[in-house]
Amino acid sequence: MALGRFLLKRVSQGVVVMWGVVTVVFFLRYLTPGDPTTALVPPDAGQEVRDRLREQLGLDQPLYVQYLDYLSDLVTGDFGQSMVTNREVSQLILNRMPATIELAIAATIVAVLIGIPLGVISARRRQEPADFGATLFSLFGISTPNFWLGIMLILLVAVRLDFIPVGGRQMALGTAVGMVLADGSLDGLVTWFGQIILPAIALGTYFTALITRLTRSGMVEEISKAYVKACWAKGLPETLVLYKHVLRNTLIPIVTVLGLQLGTLIGGAVITEEIFAWPGLGRFFISSINSRDWTSVQGTIVVIGVGFVLINIAVDALTAYFDPKSA
Amino acid sequence: MFSDRVKSSLKREFQQSLLAKVGLVLVVLILFAAVFAPFLSLYDPDQQRIGTGDTADESELPPWGVTYTTSQTTQVDGEIVREQTAVTGTAKYPLGTNTLGQDIYSRLLYGARVSMLVGILGAIIAALVGVPYGLMFPSLVLAIALVGIFRETSFHTFELPDPFVVAARSELVPNVLIPRADHVASMPATTTFPVTVAVVVALVNWVWFARVARGEAYSIRSEEYVKAARSLGGRDLTILRKHVFPNAVTPIIVLGTIQVAFIILLESALSFLGFSGTDLTWGADIADGRSDQRDRWWIATLPGVAIVLAVVGVNLLGDWLRDALDPSIQGEGGA
C-alpha cells in the first residue's frame with residue numbers, strides 16, 4: 001500500500017479519535033458534580049445573578065445546542081474564555097506550550113542518550129555485572145514515582161550541593177539560542193541547561209528504563225542471528241557491529257514506543273512541572289482544576305489529546321517509512 | 001486453573017530466579033503490613049502531636065538514632081540571633097514523625113492498605129471491563145454501565161459519605177479490610193473510598209486489557225483448531241469461551257500484574273496532588289514532607305521508599321510470571 005494512502009487512512013482515523021476526545025471532554029463536564037457557576041459567584045449571590053451568568057455562559061441552552069456551539073467554536077480554534085481570569089484559553093495554553101514541549105523533548109533526549117547505550121551494553125555483556133547493573137537500574141526506573149524522584153533530586157542536588165536552581169524557568173530555549181546568535185554568548189544556554197536538567201531527569205527516568213529494557217531484549221534476540229555471526233567472523237569492530245547492524249534492526253519497536261511515550265510525556269509532565277515550578281501546560285492544568293476553571297481544563301485536555309493523536313500519526317508514518325511491512 | 005506443565009514452569013523459573021524470590025518476599029511483606037496494619041502499628045496514624053495543648057509537640061522527629069540540626073533565625077531586641085537545635089530520633093517513633101507529629105511508621109502501614117487495595121482492585125476492574133470488550137462481547141452494555149459507574153463514583157468523590165463507613169456500620173465487610181480501624185475514634189464523614197480511585201483508574205487502564213485480549217483473539221482466530229471448531233458448527237460464544245479465552249489468560253495475567261504496579265504509581269501521584277480524597281496514603285505523605293524538605297528529609301523520603309519497594313516487588317512478580325508463562329521469550333530475560 002502506498003504511503004500516501006496509508007497516511008490518509010491514519011489521518012481520517014485520527015480525526016474520528018479527536019472527535020471522540022472532544023466529545024468525552026464535553027460530557028465529562030456534565031458528569032462532574034457541582035454547578036459550574038458556583039465557583040464564579042460569591043456564595044451569598046442570589047438566584048438572579050446565577051441565572052444571568054448561566055445565560056451569559058450559554059448554560060441555559062439545551063444540551064445539544066451547547067454541544068454544537070462547542071464543536072463549532074473548537075473547529076475555529078476558539079476555546080472560550082477562562083472562567084477565572086476571563087482571558088482567552090487558547091492564548092493561555094499557547095503561552096505555556098513551549099515550556100512543556102521543551103521539557104518533554106529534553107526528557108526524551110536524556111532517555112535516548114542513556115537508555116540505548118545501556119541497553120546495548122546490557123545485551124552485549126549478558127549475565128555479567130554490567131548487565132545486572134543495567135537490569136537493576138531499569139527495574140528501579142520503572143518503579144519510581146517521578147514526583148518523588150523529582151523531590152529527591154531537588155533535595156540532593158539543588159539543596160545539598162546548591163549549584164543548580166531548585167525550580168522555575170528563567171530562560172526560554174528560544175531566548176538562549178537568540179543570545180548565542182546575537183553575540184556568541186553561551187550564558188543563556190548554560191542557564192537554560194541548568195534549569196532543565198533536573199526536571200528532564202525526573203521526567204525521563206521511567207522512559208530511560210523502558211528504552212533500556214526494550215533495547216536489551218531486542219538486541220538479545222537480534223544478536224544471535226546468522227548475519228551478526230558473519231559480521232563477527234569478518235572481524236568487524238565491535239562498536240560497528242553493535243550500533244550499525246544490530247541496533248539498527250531493533251530500532252523500529254524502539255521508535256514506536258518513543259513516539260507513543262512522547263505523547264504521554266506531555267501529559268505526564270503534569271506532576272514534574274508542579275514539583276519544579278515549571279510554567280507549562282501541566283501546572284496550568286492543575287491550577288485550573290483547583291480553581292474549577294472548567295473552560296481551561298477542557299481546553300488543556302483537548303490540546304493534550306490532539307497532540308497525542310498527531311504524534312501517533314507521525315510515529316506510524318515513520319514506522320511505515322522504515323518498515324514497509326507494517327503499513 | 002493452571003495445567004501441570006504451567007505449574008512446573010512457574011516453579012522452575014522461580015527456583016532459578018533470585019529476583020522472583022525477592023519480588024515474592026516484598027509483595028508478601030507489604031500485603032502482610034496492609035492487612036495487619038491495626039496490629040502492627042504503634043499509634044493511631046492520624047493522631048497529631050503538635051499544638052493540641054494536651055499533647056507535647058513531638059512533630060518532625062527524625063528516625064531512630066538519626067540526628068539533624070536545624071538553624072532558625074529570630075529577632076531578639078532588634079538583633080538577629082541564629083539558633084541551632086539538634087534533634088535525635090528515639091525508639092518511641094522508629095521512623096520519626098511528620099510535620100503534624102504523626103508517627104510515620106504507623107502511617108506507612110496504613111498507606112500500604114490504600115496502595116495495595118487500589119492497585120489490585122483497579123487492575124481487576126480494568127480487566128473485567130477490558131477483556132470482554134477486547135474479546136468483542138456486547139460492548140454497548142458496558143459503555144452504559146461505565147457512564148453510570150463514573151457518575152456514581154464522581155459524586156462519591158466530592159459529596160457523599162464514605163461508602164466504606166457505611167459498609168463498616170452494616171458489618172458487611174470484615175474489620176480487617178476497613179482502612180481506618182480501631183485506632184481511629186472519629187471518622188470524617190466525607191472521606192473518599194479507595195474503591196472510587198480504583199474505579200477511576202480502571203476507567204483509563206481497561207484499554208490495555210482490551211488491546212491484549214483483542215490481539216490474542218485475532219491471532220488465535222486463524223488457528224486450525226478454531227477453524228475446525230467453527231466448521232463443526234460451534235457457536236461464536238462457545239468458541240470464544242472454550243478456545244480463545246483460555247489462550248488469552250496467560251498474557252492477561254502478566255499484564256494484570258504489571259498493571260497493579262502501574263496503578264500503585266498512578267494512585268500515589270493522584271494522592272500526591274490531593275485528588276484521592278484521603279490523606280492516609282504514601283502519596284499524600286510525600287506531599288506533606290515536600291514543604292519541609294530542606295532539613296527534615298525523612299518525611300518525604302520514607303513514603304517514597306515504600307512506594308518503590310511495593311512497585312519493584314510487584315514488577316518482579318510480573319517478570320517472573322512472564323518469563324515462566326510466555327514460552328516465546330523463555331530464557332531470554334525479556335523486555
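The values are calculated or read from the model by the stated rules, or taken from the named source; none is laboratory data. Everything quoted here is computed from the prediction, not taken from an experiment. Positions of Cβ are backbone-derived with ideal geometry, glycine not excepted, and every protein chain shown enters the neighbour counts.
Just the residues that are in contact with a Phe, Trp or Tyr (Cβ under 9 Å, 6 or more places away or on another chain) and without any contact (Cβ under 8 Å) to a residue 40 or more places away in the chain, please, taken from region A:67-81.
A:73
Only helices (runs of 4 or more DSSP H) wholly contained in region B:203-305 count here; list those with 1 or more residues that are surrounded by fewer than 17 Cβ atoms within 10 Å (Cβ to Cβ) and away from chain A (no Cβ under 12 Å).
Correct list: B:224-231, B:236-239, B:245-272.
Go through region A:3-86 and tell me which helices (runs of 4 or more DSSP H), entirely inside it, have 1 or more residues that are farther than 16 Å from residue A:299 by Cβ, of a type in the set (Gly, Ala, Ser) and modelled with pLDDT of 75 or more.
Correct list: A:3-31.
Closer than 18 Å to residue A:121 by Cα and either away from chain B (no Cβ under 11 Å) or under 29 Å from the mean Cα position of the chain (by Cα) (or both): is that true of residue A:203 in this structure?
no
Return yes or no: is residue B:295 over 26 Å from residue B:132 (Cβ atoms) and modelled with pLDDT under 80?
Taking the combined requirement at face value, the residue satisfies it.
Here is a list: A:112, A:190. Which entry is surrounded by fewer than 22 Cβ atoms within 10 Å (Cβ to Cβ), assigned to a helix (DSSP H, G or I) and within 19 Å of the chain's Cα centre (by Cα)?
Step by step, each of A:112, A:190 is checked, and only A:112 is surrounded by fewer than 22 Cβ atoms within 10 Å (Cβ to Cβ), assigned to a helix (DSSP H, G or I) and within 19 Å of the chain's Cα centre (by Cα).
What number of residues in region B:71-114 are farther than 30 Å from residue B:27 by Cβ, touching a Phe, Trp or Tyr at 6+ places or on another chain (Cβ under 7 Å) and polar (S, T, N, Q)?
1
Being over 13 Å from residue A:261 (Cα atoms) and touching a residue at least 12 places away in the same chain (Cβ under 8 Å) is the filter here, so list the residues in region A:107-130 that pass it.
A:110, A:114, A:115, A:116, A:118, A:119, A:120, A:121, A:122, A:123, A:124, A:126
Restricting attention to region A:64-95, which residues are polar (S, T, N, Q) and farther than 18 Å from residue A:24 by Cα?
A:76, A:81, A:82, A:85, A:86, A:90, A:91, A:95
Given the condition of a type outside the set (Val, Ile, Thr) and buried (at least 16 other Cβ atoms within 10 Å of the Cβ), answer yes or no: does some residue in region B:72-81 qualify?
No; the residues of region B:72-81 include none that is of a type outside the set (Val, Ile, Thr) and buried (at least 16 other Cβ atoms within 10 Å of the Cβ).
Looking only at region B:8-35, filter to residues that are closer than 21 Å to residue A:135 by Cβ and of a type in the set (Val, Ile, Thr); which one of those is surrounded by the fewest Cβ atoms within 10 Å (Cβ to Cβ)?
My answer is B:25.
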